[in-house]
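Colleague: I am attaching a structure below and will ask some questions about it afterwards.
The values are calculated or read from the model by the stated rules, or taken from the named source; none is laboratory data. It should be emphasised that the depicted structure is a prediction, and the values quoted were computed from it without experimental measurement. So basically every Cβ, Gly included, is an ideal-geometry build from the backbone, and we count neighbours across all protein chains shown.
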Amino acid sequence: MFKSYPVCSAAQAGAELTMLLMKRHNLTTDDIEKVICEVPLLVDISLIYNHPKSIREAQFSMPFAVGCMLAFGKMGLAQLTDEVLMNTKLQQQIKKVTMYVPEYLANDPIVLQQCPEAAGVTLITKDQVEFKDFLARPTGMPGNPISTTDLLTKFMICAAYGSLSQSTAESMSLRTLSMEEELDVRQLYLS
């Protein structure tokens, strides 16, 4: 399991689907009046902050994750700062997002077993046109693997964020990808 975004795994489907819908329908932030996220119970009890006041709270907030997608077109490590959290544009987008557990997700044993962190997202435009879809498993979760290219990109971004040099990060990523062939795992991370 690999999370695409640096927030709780319960927020992944809602954030990803918001961006997919915006791209699919050529929508901008200014087009969108409201975002409704329909989620299973596990997501609802995991994402408890509708109006996060700290980065820690933001990581457990569907409105923050979706709000970042609306405000910045992305949700990454660079968005996990107090300055970004207090950004006026982000705060306006957070207010557009609501999340709830509908009956069809609350009591479905298949959902609870096979896609407990799913999300249905409805984007409502200022013209009251609705665009909606459902994502059972976000990219990187079991049943929807992340591509090796995207995983390496994520690794390089995380390495740079952690002040690792590009050459060291590239070397580590290549060794990690060949892990199954390594007889001595300690050799993976020796320079």
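Colleague: Hey, any hits in region 33-43 for a residue that's closer than 19 Å to I110 by Cβ, at pLDDT below 95 and exposed (fewer than 15 other Cβ atoms within 10 Å of the Cβ)?
Modeller: yes
Colleague: Which one of these is part of a helix (DSSP H, G or I) and assigned by TED's automatic domain parsing to the domain that holds F131: L17, L27?
Modeller: Residue meeting the stated conditions: L17.
Colleague: Here's another thing I want to ask about it. Quick one: which strands (runs of 3 or more DSSP E) sit completely within region 53-144 and have at least 1 residues that are hydroxyl-bearing (S, T, Y)?
Modeller: 97-100, 119-125
Colleague: Quick check on this structure: which one of M75, M172, M86, M156 is aliphatic (A, V, I, L, M), out of contact with any Lys or Arg (no Cβ under 7 Å at 6 or more places or on another chain) and under 22 Å from L42 (Cα atoms)?
Modeller: Selected residue: M75, the only one of M75, M172, M86, M156 that is aliphatic (A, V, I, L, M), out of contact with any Lys or Arg (no Cβ under 7 Å at 6 or more places or on another chain) and under 22 Å from L42 (Cα atoms).
Colleague: I would also like to ask the following. Give the number of residues within region 137-177 that are crowded, with 16+ Cβ neighbours inside 10 Å and touching a residue at least 40 places away in the same chain (Cβ under 8 Å).
Modeller: Counting residues in region 137-177 that are crowded, with 16+ Cβ neighbours inside 10 Å and touching a residue at least 40 places away in the same chain (Cβ under 8 Å) gives 8.
Colleague: Sticking with this structure for a sec: For T122, which of the numbered conditions (1) over 19 Å from the mean Cα position of the chain (by Cα); (2) among the β-branched types (V, I, T); (3) under 21 Å from S61 (Cα atoms) fails to hold?
Modeller: (1)
Colleague: Can you tell which of F72, F60, F64 is modelled with pLDDT of 95 or more, among the aromatic types (F, W, Y), crowded, with 24+ Cβ neighbours inside 10 Å and in the same structural domain as K126 (by TED's automatic domain parsing)?
Modeller: Matching residue, one of F72, F60, F64: F64.
Colleague: For the structure I just gave you, tell me whether M86 is surrounded by 12 or more Cβ atoms within 10 Å (Cβ to Cβ) and of a type in the set (A, V, I, L, M).
Modeller: So M86 fails the test.
Colleague: How about region 1-29: which of its residues are in contact (Cβ under 8 Å) with a residue 40 or more places away in the chain, over 12 Å from the mean Cα position of the chain (by Cα) and farther than 20 Å from S147 by Cα?
Modeller: Result: L21, M22, R24, H25, L27, T29.
Colleague: Take the residues in region 91-104 that are in contact with a helix residue (DSSP H, G or I) (Cβ under 9 Å, 6 or more places away or on another chain) and over 18 Å from I48 (Cα atoms); name whichever of them is surrounded by the fewest Cβ atoms within 10 Å (Cβ to Cβ).
Modeller: For region 91-104, the residue satisfying everything is Y104.
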